[in-house]
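Rule-based calculations on the coordinates, nothing more; no lab input. None of the values given here were measured: they were computed from a predicted structure. Here the Cβ positions follow ideal geometry from the backbone for every residue, glycine too, while neighbour counts run over all protein chains shown.
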Amino acid sequence: MRVEILGCSGGIGGNALRTTSLLVDHDILIDAGTGVNDLPLPALAAIDHVFITHAHLDHITCLPFMLDSVGDMRNTPLTMHATQATQDIIRKHIFNWQIWPDFSEIPSPENPFLRFNTIEVGKSLVIDERSITALPANHTVPAVGYQLQDLRSNASLVFSGDTTSCDPLWEMVNAIADLRYLIIEAAFPDSERELAILSKHFCPSLLLEELVKLKSAPDIFVTHAKPGLFGQIERELRQGVGDRNIRMLTAESVFEF
Ligand SMILES: [Zn+2]
Ligand SMILES: [Zn+2]
């Protein structure tokens, strides 16, 4: 399994800053933030599945454009996987014929560009020897994270999506025997700890308190830093981290496992 980070910032601005999206091999996206914008048309057309963590705009913004750009280049619908709650929000507020057409009825309801698949926390979907499992998250809107497991190499990557403190997440993560990588968020610096709590994100001090609940020792990467505050968040993590190996995630990073 190859996981390429297309975007891992809390915002946009310049070359390095693109919002959340992970490309799994050539055919699966986890979230569809502005990082997707870098993919050339043939690469966009090759994507069969988009797994959504939650409906916030920084995680879905390229999905409507993708469908419009490559729908007629594909023979089969692109499948958007999300929980029922997230699917309902996206259908009501995005694919509603007002913000954007409902591509699950275009060009026809029988053979559309987009179809929806409902996922549930704790249930796995296997696509060509790759298992994708939704994990609990705790955010201001319904949200999940994902475990990406390669069934050939028996190795897993966990992506938290947007979350704050979430005990059910650790119950599931601590049960993953082959966890190699953990990508988890810290959207704000410690000076905005109250805002992090209100908006259900982490700041470095909250995150380090939370990581005490992690019982295994994967390589940890931190995502979703607010633009302009990447360096500050990185410094605060480094100061608080002790001997744990935690790095900031950067766009174009690749995980192969
Ligand atoms: Zn969010
Ligand atoms: Zn976000």
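Just so you know, in the stretch 70-96 the residues that are surrounded by 14 or more Cβ atoms within 10 Å (Cβ to Cβ) and among the charged types (D, E, K, R) include one that is farthest from residue 10 (Cα to Cα), and it is 74.
Being in a strand (DSSP E or B), under 15 Å from residue 170 (Cβ atoms) and of a type in the set (A, V, I, L, M) is the filter here, so list the residues in the stretch 135-152 that pass it. The answer is 135, 144.
If you go through the stretch 38-69 and pick out every residue that is surrounded by 15 or more Cβ atoms within 10 Å (Cβ to Cβ) and within 16 Å of ligand 2 (Cβ to nearest atom), you end up with 13.
Search the stretch 212-235 for residues being more than 19 Å from the chain's Cα centre (by Cα), under 22 Å from residue 169 (Cβ atoms) and not small (Gly, Ala, Ser), and hand back the single one that is farthest from ligand 2 (Cβ to nearest atom). Talk me through it step by step, then tell me what you get.
Step one: filter the stretch 212-235 for residues more than 19 Å from the chain's Cα centre (by Cα), giving 212-217, 228-229, 231-235.
Imposing the further condition that a residue be under 22 Å from residue 169 (Cβ atoms) reduces the set to 212-217, 233.
Those still in the list that are not small (Gly, Ala, Ser) too: 212-215, 233.
On the way: 212: 24, 213: 22, 214: 21, 215: 27, 233: 14 Å.
Only one residue fits best here, namely 215.
If you filter the stretch 180-194 down to residues that are out of contact with any strand residue (DSSP E or B) (no Cβ under 6 Å at 6 or more places or on another chain) and within 13 Å of ligand 2 (Cβ to nearest atom), you find that the one that is farthest from residue 255 (Cα to Cα) is 188.
Here the stretch 112-138 is the region considered, the condition is being under 20 Å from residue 94 (Cα atoms) and not aliphatic (A, V, I, L, M), and the residue that is surrounded by the most Cβ atoms within 10 Å (Cβ to Cβ) is 113.
So, of the residues in the stretch 233-257 that are in a strand (DSSP E or B) and among the aliphatic types (A, V, I, L, M), which turns out to be surrounded by the fewest Cβ atoms within 10 Å (Cβ to Cβ)? Here the residue is 254. For the stretch 10-53, residues that are assigned to a helix (DSSP H, G or I) and either in contact (Cβ under 8 Å) with a residue 40 or more places away in the chain or more than 15 Å from the chain's Cα centre (by Cα) (or both) total 8.
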